[in-house]
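Accompanying notes for the structure given below.
Throughout, read-outs are computed from the coordinates displayed, never taken from laboratory work. This is a predicted model, so every value here is computed, not measured. Cβ placement follows ideal geometry from the backbone for every residue including glycine, while neighbour counts extend to all protein chains displayed.
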Amino acid sequence: MDFEYSTKVKDLLARVSGFMEKHVYPNEKLFNQQLDEGPTRWEIPPIMEELKSKAKSESLWNMFLPDSDRGFGLSNLEYAPLCEVMGRSPIGAEVFNCSAPDTGNMEVLERYGNDEHKRDWLEPLLNGEIRSAFAMTEPRVASSDATNIESSIRRDGDEYVINGRKWWTSGIGDPRCKVLIFMGKTDPDNPDRHKQQSMVVVPVKTPGITVLRTLPVFGYDDAPHGHGEVDFKDVRVPASNILLGEGRGFEIAQGRLGPGRIHHCMRQIGVAERALEKMLKRVKERSAFGKTLAEQGTIIADIANSRMEIEQARLLVLKAAYMMDTVGNKEARAEIAMIKVAVPNMTLRVVDRALQAHGAGGVTTDFGLAISWAHSRTLRLADGPDEVHRAAVAKLELRKQLRPELQGYEDIGDELLAGRS
């Protein structure tokens, strides 16, 4: 594997890094200030649209979208360093129109949507005019196993009728959210449980959709994005809104969540890097017991361990990206599962060390470490909990090394890897 960046990627990396230094980092506090000063926290801070306009004018836009003339055509391996830099700021990804869940939804619409879906929803999303949500997880079942999903998508003539309760519907709190992708069962009695589910495109303003509440994450509301509990009662959409066809939802989930998971991990490397930088700055400025914190033995160990763990995690992410590009998401599913466990856990350790080095200030909102910790902790659950991914890795390893009679049963672990909690 050659991880040397191409001239194209080096140029983009320099431009993205420069944009972050000049425009994004200096405006993080203003973003939060405008959020707090607005009529509600669910209004979009004006600085965000200003930054998006600047990024778009500099052609730093939609860099995530591979295999499409609508994006930059970057491979996962090429996109990784750019995504890492964007992940250094909590507002970074959206500035470049590269934030979840829009990236995953845009990839779904690009791969599986029809011309109408692309005209009505993909184009406005690519232009940054609207935002979207993804409705998969349900409060009444363990959604880490996607086959547990109970919500129904029932055909009625030229329409589908949707009923169910979803939660952790990320993005539903955003006033710009105009469309969501909904996963439910069209054929609950199908003996193949992986063909019971389908995905359908649903405009947010469709009658019967009620946002019951937005869910706090360790006390943070994640405004103006938000994660909602949403009720769907007799929601009717045209039959043409089905994606790829009935019974293909599980297949779409596999295609969607692979890139989504690696993007999360790429950004988490950036979160860890910035936390370490904050830690280094803090320990050189503060003194205790007659010497700077940087001279204390425990701090020295924390710095060294953090650097080593970040480097290890980055290499694993790059390997996963390389395999996704060269052999496909399915063949790379073990690597995708591994990074989904390894990277958020690494980031949590690094952020926690940085938080500890900041003392009581670390648990406030002053340094941005507490919210980084909270968001990183959720990623041990989002897109499948650690336990699911560990089980998938173990099953794939067992099939490969200990059970030669199982060779050919490629679907082992697939039901785990499609899960989302």
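Quick one: of LYS29/LYS284; LYS52/LYS340; LYS8/LYS52; LYS8/LYS29, which pairs are farther than 26 Å apart, Cα to Cα?
On the way: LYS29/LYS284 23 Å; LYS52/LYS340 29 Å; LYS8/LYS52 22 Å; LYS8/LYS29 32 Å.
Pairs exceeding the cut-off: LYS52/LYS340; LYS8/LYS29.
Ranking TYR79, TYR112 by Cβ neighbours within 10 Å, fewest first, what do you get?
Lowest to highest Cβ neighbour count: TYR112, TYR79.
Counting pairs on different chains as well as pairs 8 or more places apart, how many Lys pairs in the range 100-231 have Cα atoms under 21 Å apart?
8
If each DSSP helix of 4+ residues adds -39,500 (n - 2.57) and the sum is divided by the residues in the chain, what number results at 222 nm, nearest 500 deg cm²/dmol?
-14500 deg cm²/dmol
For the range 351-363, just list the computed ³J(HN,Hα) in residue order, Karplus coefficients 6.51, -1.76 and 1.60, θ = phi - 60°, integers in Hz, with x standing in for Gly and Pro.
Those phi angles translate into 5, 5, 5, 5, 4, 5, 5, 7, x, 4, x, x, 8 Hz.
Among ALA294, SER57, VAL204, whose Cα sits farthest toward the positive end of the charge dipole of the chain (+1 at Cβ of Lys/Arg, -1 at Cβ of Asp/Glu, about the Cα centre)?
ALA294
Hey, could you get me the Stokes-Einstein D for the range 250-417, Kirkwood radius over alpha-carbon pairs, 10 °C and 1.306 mPa s, rounded to whole µm² s⁻¹?
The calculation lands on 92 µm²/s.
Using the crude model of +1 on Lys and Arg Cβ and -1 on Asp and Glu Cβ, and no other charge, please compute the dipole size for the range 250-417 relative to its Cα centre, in debye to 20.
So the dipole magnitude of the range 250-417 works out to roughly 560 debye.
Where the only charges are on Cβ atoms (+1 Lys, Arg; -1 Asp, Glu), what is the dipole of the chain about its Cα centre, to the nearest 20 debye?
My answer is approximately 920 debye.
In the calculated pair distance distribution of the range 246-326, what percentage of Cα-Cα distances lie above 21 Å?
50
Just want the ordering: PHE182, PHE19, from fewest to most Cβ atoms lying within 10 Å of their own Cβ.
The order, fewest Cβ neighbours first, is PHE19, PHE182.
Can you list the aspartates and glutamates whose alpha carbon is less than 15 Å from that of LYS281, not counting same-chain residues fewer than 8 positions off?
List returned: GLU273, GLU295, ASP302, ASP366.
Computed over the Cα atoms of the range 99-141, what is the ratio Rg over Rh, Rh following Kirkwood?
Dividing the radius of gyration by the Kirkwood radius yields 1.05.
Under a straight-distance cross-link criterion of Cα-Cα below 13 Å, which aspartates and glutamates are reachable from LYS56, leaving out those fewer than 8 residues away in the same chain?
Answer for LYS56, where 13 Å is the Cα cut-off: GLU94, GLU129, listed by chain and number.
If R₀ is 41 angstrom, what is the calculated FRET efficiency for the pair VAL141 and PHE3, using the beta carbon separation as r and rounding to 0.05?
0.50
Which one, MET338, LEU30, ALA253, projects farthest toward the positive side of the charge dipole computed for the chain from Cβ point charges (K/R +1, D/E -1)?
Ranked along the dipole, the leading option is LEU30.
Kindly write out, for the range 279-295 in residue order, the coupling ³J(HN,Hα) from the Karplus curve 6.51 cos²θ - 1.76 cosθ + 1.60 (θ = phi - 60°), rounded to whole Hz, with x marking Gly and Pro.
The phi angles translate into 5, 4, 4, 5, 6, 7, 8, 10, 10, 8, 6, x, 8, 5, 4, 5, 8 Hz.
Using only alpha-carbon positions, what ratio does the radius of gyration of the range 131-243 give when scaled by 2.2 N^0.38 Å? Intermediate values should be presented prior to the final figure.
Working: Rg = 13.8 Å, N = 113, 2.2 N^0.38 = 13.3 Å.
Here the answer is 1.04, to two decimals.
Any idea what % of Cα-Cα pairs in the range 33-96 are farther than 17 Å?
So the pairs more than 17 Å apart make up 50 percent of the total in the range 33-96.
In terms of the Cα gyration tensor, with a ≥ b ≥ c the square roots of its eigenvalues, is the range 7-113 rounded because a/c is under 1.5, prolate because a/b exceeds b/c, or oblate? Kindly include the intermediate steps, with their values, before the conclusion.
Details: a/c = 2.40, a/b = 1.42, b/c = 1.68.
Judged from the Cα gyration tensor, the range 7-113 comes out oblate (a/c at least 1.5, b/c at or above a/b).
Under 25 °C and 0.890 mPa s, how fast does the range 163-210 diffuse according to Stokes-Einstein, given a Kirkwood radius computed over C-alpha pairs? Answer in µm²/s, whole number.
The calculation lands on 200 µm²/s.
Between GLU123 and ALA304, what is the spin-label point distance in nm, taking each point 7 Å from the Cα along the Cα→C-beta axis?
5.9
Neighbour counts of other C-beta atoms within 10 Å: give me MET338, MET279 arranged from fewest to most.
Lowest to highest Cβ neighbour count: MET338, MET279.
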